[in-house]
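As structure tokens, the structure follows; a few thoughts come after it.
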Amino acid sequence: MNRTNFISKSFLILLIISMVSTAEAELEIKLVLQLTVDGLRTDLLNRSLQHHGNSGFQYLLKKGTFYTNAHYQHANTETIVGHTTLATGAFPSVHGMIGNVWFDREAGELSYNIEDPKHPLIPSRESAIKGEQVDPAQKLSRTQGRSPSAILAPTFSDGLAAYYGGRSKIFGVSGKDRGAVPMAGQVGKAFWFSTDTGDFVTSTYYYDAYPDWVQKWNSQLKADQYAGSSWELLEDPSTYLLYAQDDRPYEADLRGFGRVFPHNFAQSGNKIFYTQLFASPVGDKLLLDFTKTLVRNEQMGKDAIPDYLSVSFSSVDTVNHFFGPSSLETEDVVRQLNRTLSELLEFIDKTVGLKHTLIVVSADHGMADMPEYMTELGYSAGRLDPDEIVTIANKAGKQFGIDEIVRFFYRPYLYLDDKKITAVKADRSEVELAIAKVLTDLDGIALAVPSSNLSARQTNPLLEYVSRNFHASRSGDIYIIQEPYWFLFEKGPVAAMHGSPWRYDTHVPIIFAGPGIKAQKVHRLVHPVDVAPTMAAFLGMSPPGSSQGSLLIEVLQ
Ligand SMILES: [Zn+2]
């Protein structure tokens with residue numbers, strides 16, 4: 001080799017080495033940003049996409065892989081169940097979060113999923129008004145203490161902590177406690193919005209006292225700045241599909257918030273004020289503001305060790321619940337979320353760099369249209385009265401000589417009184433089958449089944465869903481599945497619901513975007529349990545300990 005050749009060859013090799021190392025540097029992940037949109041059924045996103053320009057969701061779809069056909073595989077499609085499934089890659093039968101609420105047989109009382117009296121809320125201000133709680137699950141919690149102690153499986157974030165020797169910073173934030181706590185795992189820190197104070201709060205599980213930056217954020221009373229203002233449509237009314245059906249009698253009115261635009265917020269000091277903010281795009285905007293403050297103050301994504309930030313947006317779900325998924329309000333809150341999301345992405349690009357960020361988007365469940373709406377359209381639907389279910393089950397118990405056999409009913413589980421069954425020496429499975437049969441015969445109930453004895457599993461795929469939802473000490477004895485568009489509760493302050501194994505409740509988007517990930521739409525059937533193991537694989541880590549999902553190979557190719 002002559003000298004010139006040698007020099008040019010060496011130059012070429014150096015060039016290749018430098019190109020490879022640049023490519024590697026570009027692939028270096030400094031932040032894993034997991035975004036969950038509470039209650040975002042996939043088609044609610046599809047319905048608004050054309051109005052998103054190139055920002056927010058559209059940006060992610062143009063840069064990332066969008067799984068259009070992702071479905072939960074457990075029966076009780078509720079918030080804590082979905083979030084914990086996303087966080088752990090496990091089914092509720094394994095991670096233990098079988099519902100927002102279950103009956104604790106030993107204590108003889110209801111348990112609110114992540115409630116933990118041992119870890120009380122850290123008070124954020126002295127003279128808080130007690131906000132009125134309208135969330136039906138929250139309402140049942142006895143204390144404000146929260147921790148991940150009842151979650152029985154490790155999360156992606158727990159695995160990240162272990163892999164990087166505890167050097168990753170890990171945070172979960174949300175409008176809801178149950179949107180923040182499961183994602184942060186046992187190792188990370190969690191903050192959520194308080195409808196009592198308008199502050200972001202946490203418990204003694206995470207801190208002894210609020211970090212200075214949180215105290216400062218709360219002292220700025222950002223929520224109160226919306227007092228007396230209103231939620232208006234973001235864009236020209238004529239651009240909305242559902243503009244003509246704003247005023248529907250079955251939508252809920254949160255004490256003067258009204259059923260039509262503009263929705264006026266009460267004054268601060270009003271017990272329902274912060275809940276009204278939460279049931280509007282403002283809830284997500286406040287979460288964005290808090291998230292930015294967190295990223296800046298905690299120096300997220302600043303070094304070569306990947307940090308983890310989970311942001312779970314709650315406003316779409318709350319608006320769904322009060323106004324229904326096919327409402328003008330839901331159409332608008334999704335468009336407004338897109339603005340919030342695009343602002344978040346811009347901010348992350350400036351502070352961390354999107355080329356150093358793995359972004360994962362999904363939802364914890366879908367949403368059902370209200371029975372009243374479906375009836376209006378000509379579909380047979382309705383609401384089941386929980387008291388009637390209990391009365392009918394008790395009547396069926398009498399044939400075994402048992403009075404009041406139902407110990408507790410909280411949808412979807414019916415808990416039977418074990419002591420009474422034992423006392424009359426009845427065959428337990430016979431009793432369960434007899435009660436399940438009379439309930440299945442009721443109008444509006446598709447199927448009631450003993451939740452532990454699922455020998456007929458092979459013949460009815462729905463029973464697989466019930467089985468994946470079964471945890472021996474937490475699940476009730478009989479699982480009740482309503483017919484499509486029937487609700488297992490009467491109309492209260494909350495109008496619309498999710499929680500069934502029907503497709504409108506199981507269908508959620510999954511989007512992965514980040515360095516090296518192709519822009520593509522994938523229509524094959526995938527599942528939210530696949531999310532956590534795929535995130536782990538993207539970073540070269542093993543899946544979370546109890547994960548049961550498969551790898552979303554299109555993300556990794
Ligand atoms: Zn939810």
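The values are calculated or read from the model by the stated rules, or taken from the named source; none is laboratory data. Treat the numbers as computed from the prediction; the structure is a model and nothing was measured. Cβ coordinates were reconstructed from backbone atoms using ideal geometry, including for glycine residues, and neighbour counts include every protein chain displayed. When the accessible area is computed, the model is the full protein with side chains, heavy atoms only, and any ligands, DNA or RNA have been set aside. Shrake-Rupley method; radii C 1.70, N 1.55, O 1.52, S 1.80 Å.
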In order through the stretch 99-115: 3J(HN,Hα) via Karplus (6.51 cos²θ - 1.76 cosθ + 1.60), integer Hz, x for Gly, Pro: x, 4, 9, 9, 9, 7, 4, 5, 7, x, 9, 6, 10, 8, 2, 9, 5
Rounded percent of accessible protein surface that carbon and sulfur make up, the stretch 366-418, 1.4 Å probe: 47
³J(HN,Hα) computed for each position of the stretch 339-353 - Karplus, 6.51 cos²θ - 1.76 cosθ + 1.60, integer Hz, glycine/proline x: 4, 4, 5, 5, 5, 5, 5, 4, 5, 5, 4, 6, 8, 10, x
Candidate lysines for bridging to K518, where Cα separation is under 20 Å - those fewer than 8 sequence places away on the same chain excluded: K30, K62, K63, K355
Share of carbon and sulfur in the accessible heavy-atom surface of the stretch 60-139 [1.4 Å probe, %]: 51
Top positive-direction residue, dipole computed over the chain with Cβ charges, set T275, V438, G514: G514
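Please state the shape class of the stretch 106-217: rounded when a/c is under 1.5, otherwise prolate if a/b exceeds b/c and oblate if not, all from the C-alpha gyration tensor.
Oblate is the answer for the stretch 106-217, as a/c is 1.5 or above yet b/c matches or exceeds a/b.
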The stretch 213-365 - Rg and Dmax from Cα coordinates, angstrom: 17.1, 55
Where the stretch 245-300 is the region considered: accessible area per residue in Å², 1.4 Å probe: 36
The stretch 386-524: translational diffusion in µm²/s, Stokes-Einstein, Kirkwood Rh over Cα pairs, 25 °C, 0.890 mPa s: 146
Fraction of accessible area attributable to carbon and sulfur, the stretch 435-557 (%, probe 1.4 Å): 53
Kirkwood hydrodynamic radius of the stretch 299-370, Cα pairs, Å: 14.1
For N69, residues with placed amide H under 5 Å, excluding near neighbours: V526
nm² value of the averaged projected area, convex hull over the Cα atoms of the chain: 29.5
Integer Hz, Karplus 6.51/-1.76/1.60 couplings in order for the stretch 204-214, x for Gly and Pro: 6, 4, 9, 9, 8, 8, 5, x, 3, 5, 6
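Nearest 5 percent is fine: what portion of the DSSP beta bridges confined to the chain is antiparallel?
50
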Interchain or long-range residues, amide H under 5 Å from Y410's placed H: Y415
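Using only DSSP helix segments of four residues or longer, with each worth -39500 (n - 2.57), what per-residue ellipticity at 222 nm results for the chain after dividing by its residue count and rounding to 500?
It lands at -10500 deg cm²/dmol.
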Residues whose placed amide H lies under 5 Å from that of F103, excluding near-sequence neighbours: S111
